[in-house]
Amino acid sequence: MPGLDDLRKAVGRLLKRSGPYEAIVKEYIRDIQRALISADVNVRLVFDLTKRIRERALREQPPPGVSRREWLVKVTYDELVKLFGGDDEPEVKPPYTPYVIMMVGVQGSGKTTTVGKLAKFYRSMGYKVGVVAADTYRPGAYEQLRQLADRVGAMFYGEPDSKDPVSIARRGVEELKKRGADIIIVDTAGRHGYGEEEALLKEMQDIAAAVKPDEVMLVIDAAMGQKSYDLAKRFHEATPIGSIVVTKMDGTAKGGGALSAVAATGARIKFIGTGEDVDEFEVFRPRRFVARLLG
Ligand code: GDP
């Protein structure tokens, strides 16, 4: 992930340093703190993480044949992987059907695009997928989703003339269940106009109460930065977030905000978006992701 390059550099510097181990650890910790903070990772999260790395670095002995500095890199790697949910890939197969996924996130994050990508992903696994257009605020959202559904072979429900997203969502989920959908994905609005976040969050609560989603998925733009922590937290308070999709991982954004969103919600990143096309979408792999961070 571009921007977290400093983390890689910190590791490179560590491996070249000489002097007393404790001083090396101290400088290394300062380096990675700086790298993570400049990559927009929430400050508290950075301090918690580096505290654990420091403690393990000073307390634990490396296995035979491994230098203490190499060990320190391994500890950093492990602690970062843990933060992203550990070694296992996230479970993306729904535990039962029909399964209702409600998407939330701010306008422009890539929510509607991600609904199309998810629909395609689950279609390719053999599920019957239906999507519901419950974003009644953004002009064009209805048509965009209708076309995406058509393209990926998903059933579609929408009411182009209605301004009542709660009723659309309720009727859409009922209707698509009747039509035999295994997985139903509800697209929602990301904006209510300037300064109307309260109204947006209330709408999310109302939609969630109406459709009782099995999973609420937060869509977050990799470029969101420091704001991700608060944003994710507020959505989480309105409708408990079950999973996260990080979009625009193909861009030059620092992306550290994703880590903050994980910390704010306790939810796992399940997928990443890597481009505008419906195929540019992957299951999130923590170890691979961290390997890329550390180089
Ligand atoms: P919404 O307002 O959250 O529903 O956002 P949209 O789905 O309309 O997406 C906003 C813009 O982001 C569109 O131009 C999308 O093509 C673009 N977009 C979405 N996901 C990705 C991604 O993973 N990578 C890139 N480069 N662009 C994306």
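Helix 21-38 versus the longest principal axis of the chain: what is the Cα-based angle in degrees, 0 to 90, to the nearest 10? For helix 21-38, the angle is close to 30 degrees. When only Cα pairs below 8 angstrom with a gap of at least 6 residues are kept, the stretch 14-132 shows a relative contact order of 16 percent. A protection proxy built from the mean count of other Cβ atoms within 10 Å ranks the segments 213-220, 176-183, most packed first, as 213-220, 176-183. Its relative contact order, with pairs defined as Cα atoms under 8 Å and 6+ residues apart, puts the stretch 165-295 at 19 percent. Taking the longest Cα principal axis of the chain as reference, the axis of helix 165-178 is set at about 80 degrees. Magnitude of the charge dipole for the chain, about its Cα centre and with charges confined to Cβ atoms of Lys, Arg (+1) and Asp, Glu (-1), is about 1160 debye. For the stretch 203-295, DSSP calls about 25 percent of its internal beta bridges antiparallel. As a length-normalised measure over Cα pairs under 8 Å and 6 or more apart, the relative contact order of the chain settles at 24 percent.
Considering only PRO64, GLY116, LEU83, and ranking their Cα positions along the charge dipole of the stretch 35-142 that arises from unit charges at the beta-carbon of Lys, Arg, Asp and Glu, the one farthest toward the positive end is GLY116. Taking R0 as 45 Å, what's the FRET efficiency between LYS9 and ASP161 from their Cβ-Cβ distance, rounded to 0.05? After rounding, the FRET efficiency stands at 0.20. Here the extension length gained between GLU89 and PHE47 equals 12.5 nm, from 0.36 nm per residue of separation less the Cα-Cα distance.
The label-point distance for GLN147 and VAL66, in a model that sets each label 7 Å from Cα toward Cβ, rounds to 5.2 nm. The overall shape of the chain is prolate: from the C-alpha gyration tensor, with semi-axes ordered a ≥ b ≥ c, the ratio a/c is 1.5 or greater and a/b exceeds b/c. Among beta bridges identified by DSSP and lying wholly in the chain, the antiparallel ones come to about 10 percent. Take the alpha carbon gyration tensor of the stretch 172-295, find the square roots of its eigenvalues, order them as a ≥ b ≥ c, and report rounded if a/c is under 1.5; if not, report prolate when a/b exceeds b/c, else oblate. Taking the square roots of the gyration eigenvalues as a ≥ b ≥ c, the stretch 172-295 is oblate.
Between 0 and 90 degrees, the angle of helix 68-83 with respect to the longest Cα principal axis of the chain falls at about 20 degrees.
Mind jotting down the distance between the C-alpha centroids of the stretch 1-78 and the stretch 178-253, whole Å? Answer, in whole Å: 33.
At an R0 of 41 angstrom, the distance between the Cβ atoms of GLN205 and VAL283 translates into a FRET efficiency of 0.90.
Per-residue ellipticity at 222 nm, computed for the chain from helices alone with -39500 (n - 2.57) per DSSP H run of at least four residues, works out to -16000 deg cm²/dmol.
Read-outs throughout are calculated quantities, based only on the coordinates presented, and are distinct from any laboratory measurement. Treat the numbers as computed from the prediction; the structure is a model and nothing was measured. Cβ sites come from the backbone with ideal geometry, for glycine too, and all protein chains shown count toward neighbours.
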